[in-house]
Amino acid sequence: MDVLLLLALLPGCLCAVTVTVPPKVEAQFGHDAIFMCTPKFTGSPKYNVEWSYTNQEGQKTRIATFSDGKASIELGTEFSTRAVIRSDNSLVISDIRVKDENEFTCTVNAGSEGISMGSTHLKVYVSPSSPELSVNTQVLSITETKASEVGTCTSRNSYPAPTIEWYRNQVLLNTEAGKADLRASSRTTTEASGLYTVSSTLYLKPSKADGDAVFSCKVVFPLPGGSTSHMESKEFKLLLHYYTENVKFTVLPDQPLKEGDKVILRCEGDGYPAPTYLFHKQKAENDIEELNSGSDGNYIFQNISRDDSGIYFCEALDFDSPGDVELKKQKEIYIHYLNPLTLIPSGEVRYSVGEDAPLSCIGDGSERPNLIWKKGDMVLSSSNRHRLRNLSYADSGVYTCEATVPTVPGLRKEESVTIIVEGPPDLGPESETVDVPIDGQNITLSCSATGYPKPEISWHPSELKPSQTDMQVSDMSIKSNVVVKATSKLINEISCTAKNQLGSKEKKFKLIILTSTPASTAPAQEQSGGSSTAIIAVVVCVLLLLLVVALFYFLQKKGKLSCGRSEKQPLSQDPASAELAVELKSEKRNEQRGLLGSRGGGGGPAAEC
């Protein structure tokens, strides 16, 4: 604001100095407030600045002055410890409080230029704490003729005073119209600190729709700059008492019911508090049986049966409801069922191999069922009859008739018959040819038999014993293995026999030896050992012969042996020795000649040894 003052000391003179200050200064509680002062001159005079404030009683008090570049703070005022005057003539007050909200004036004295001043107002803002909510916990009746107290919302320690708004389902309630069935009463209290506490109490004449509604309050407070903010309380519901107008009767599960199901009869009324519920069953035209009563509204069949079919009633007992309100409902329930199945034949039945076995299944229930025959998971027939033709041992087992009702999910019944096929053992082919690579090799022969009663297996020749305990393949099958040393003697002599109470059967094995060896030939290990012995014997004989030759040579050197005689006599005595000596003589001839030539120098026949 520009303020132009005529100086009283210079009447008739137009002052040449003006002062500009903001019309209003806003500050948050506890923060700093800055007051600007801008003087304007026609020349360049010397001047001083003085800041003062005017309190609520109209008293004006100096705060600080600025002259010749020096600032001076006035002692003994509210701002002595919190005020600072800066070189740009502005005044700063720290730690703003509510009672600081006064008028502040900047006065500029420019001597001959004159004196001018400008005033501004301080506005202080304090944000409130979170709203406090007090809810009426009493049960409110919708039949009351006047509005009831719903709750009180309180906002503490704010400045300026906030406003409180009420909401239902996030929609603002118009409580200012002064309606008898909807109004709010507010009260504002000034605390010793100068802050405000505001409370608002909501009065409402509830309706049935308010039973599910959520209520809340909102505190709206101003901020510097002309804006506002708000804080919301938590939401709450009303406890209402209202009479029952509608009753709902349901049966769970909502699908065709069958024997064994868990079934719940549920009775629900829309009154509060919940009424008492009664369940009845009509047994005859005038015979009603009471089943249960209570406030939970459920009657449970843990394992319902066909006898539970019938007409049921549920009734809500609410004496506040008008007489024209229908509080009783009824439902008829029907329980589907299947009777036990009849099988022909049944239980455990025995047939001989090759016979036919006709199977028949009879079933009925609340509806005509679909009947099928199956063995395990395999469906054999999609009708109630099935014939097993030319029975074999593989046909033994459990056969099941299954009954289902397509219109009733899960309704199912089954019954089984056990078929046992009896007969003598079956060994497969009567003979088996087995190739044996080498005569005398160990081979394994296997014999598998099927029959009922379960057969036993024996081997021929009797000295053949199974290599391990006979293995049971199933209740009708057994398997036996033997290890045999294959020789030409056993080519057509091996067989196995399977036997039970109903007969026996023999299977023969024919051995074909692919490679034969002489009967005198020893096994591989023995032959290897014999060859080694022969080699050692030959080596020993050669060594002995060399010793004999060395002896002859020694005797000849001593002159005690005539070579002409010795050449004929010793070697002719043993033909085998003579043959070996001839070979050695032929191989060593040159060596002997060299040795004998040392005596006569000739090397003719008479000199050879």
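The values are calculated or read from the model by the stated rules, or taken from the named source; none is laboratory data. Note that the structure is predicted; figures quoted are calculated from it, not measured. Neighbour counts run over all protein chains shown; Cβ positions are idealised from the backbone, glycine included. Remember, those area values only see protein heavy atoms, side chains included, never the ligands or the DNA or RNA. Shrake-Rupley method; radii C 1.70, N 1.55, O 1.52, S 1.80 Å.
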* Structure fact -> Of the residues in region 211-260 that are assigned to a strand (DSSP E or B) and of a type in the set (K, R), the one that is nearest to T154 (Cα to Cα) is K218
* V417 passes all but one of (1) out of contact with any Phe, Trp or Tyr (no Cβ under 9 Å at 6 or more places or on another chain); (2) closer than 30 Å to N303 by Cβ; which number fails? -> (1)
* Cβ-Cβ below 9 Å, separation at least six or inter-chain, first residue in region 479-503 and of a type in the set (D, E), second not in a strand (DSSP E or B): which pairs? -> E493/P461
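So in region 434-481, with the set limited to residues that are in a loop (DSSP other than H, G, I, E, B) and among the basic types (K, R), which one is modelled with the highest pLDDT?
For region 434-481, the residue satisfying everything is K454.
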* Would you call E402 buried (at least 18 other Cβ atoms within 10 Å of the Cβ) and more than 25 Å from V484 (Cβ to Cβ)? -> yes
* Within the set of pairs 6 or more residues apart or between chains, which connect a residue that is crowded, with 16+ Cβ neighbours inside 10 Å inside region 62-86 to a residue that is assigned to a loop (DSSP other than H, G, I, E, B) and among the charged types (D, E, K, R) with Cβ atoms less than 7 Å apart? -> I63/E74; A64/E74; R82/D95
* Residues that are at pLDDT 90 or above, under 11 Å from Y277 (Cβ atoms) and either of a type in the set (G, A, S) or part of a strand (DSSP E or B) (or both), drawn from region 292-336 -> G297, N298, Y299, F313, C314, E315, A316, L317, K328, K329
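If the requirement is being open to solvent by 80 Å² or more (accessible area, probe 1.4 Å), touching a Phe, Trp or Tyr at 6+ places or on another chain (Cβ under 8 Å) and either more than 30 Å from K208 (Cα to Cα) or not small (G, A, S) (or both), which of these qualifies: D318, D324, D296, D308? If you could, list the steps in order and put the result at the bottom.
On the way: D318 fails: open to solvent by 80 Å² or more (accessible area, probe 1.4 Å); D324 fails: touching a Phe, Trp or Tyr at 6+ places or on another chain (Cβ under 8 Å); D308 fails: open to solvent by 80 Å² or more (accessible area, probe 1.4 Å).
The match here is D296.
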* Residue check, R62 in contact with a strand residue (DSSP E or B) (Cβ under 8 Å, 6 or more places away or on another chain), among the charged types (D, E, K, R) and over 17 Å from C106 (Cβ atoms) -> no
* Asked: Applying the selection to region 417-452, what residues are exposed (fewer than 15 other Cβ atoms within 10 Å of the Cβ) and not aliphatic (A, V, I, L, M)?
  -> T418, G428, P429, E430, S431, T433, D435, P437, Q441, N442, T444, S446
* From the list K262, K234, pick out the single residue that is over 30 Å from C217 (Cβ atoms) and either in contact (Cβ under 8 Å) with a residue 12 or more places away in the chain or among the small types (G, A, S) (or both). => K262
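Residue-by-condition table, conditions (1) hydroxyl-bearing (S, T, Y); (2) modelled with pLDDT under 95:
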| site | (1), (2) |
| --- | --- |
| Q56 | no, yes |
| S67 | yes, yes |
| K70 | no, yes |
| I85 | no, yes |
| K123 | no, no |
| N136 | no, yes |
| T143 | yes, yes |
* Structure fact -> Note on region 346-363: residues open to solvent by 30 Å² or more (accessible area, probe 1.4 Å) and either touching a strand residue (DSSP E or B) at 6+ places or on another chain (Cβ under 7 Å) or among the small types (G, A, S) (or both) are S346, G347, E348, R350, Y351, S352, V353, G354, D356, P358, I362
* Asked: Are any of the residues in region 42-52 open to solvent by less than 60 Å² (accessible area, probe 1.4 Å), closer than 28 Å to S229 by Cβ and of a type in the set (A, V, I, L, M, F, W, C)?
  -> no
* To do: Grab the strands (runs of 3 or more DSSP E) fully contained in region 106-210, keeping just those with 3 or more residues being farther than 27 Å from V92 by Cβ, out of contact with any helix residue (DSSP H, G or I) (no Cβ under 9 Å at 6 or more places or on another chain) and of a type in the set (S, T, Y).
  => 148-158, 182-190, 196-204
* Can you pull out the residues in region 134-161 that are within 49 Å of the chain's Cα centre (by Cα), over 20 Å from D212 (Cβ atoms) and open to solvent by 50 Å² or more (accessible area, probe 1.4 Å)? -> S134
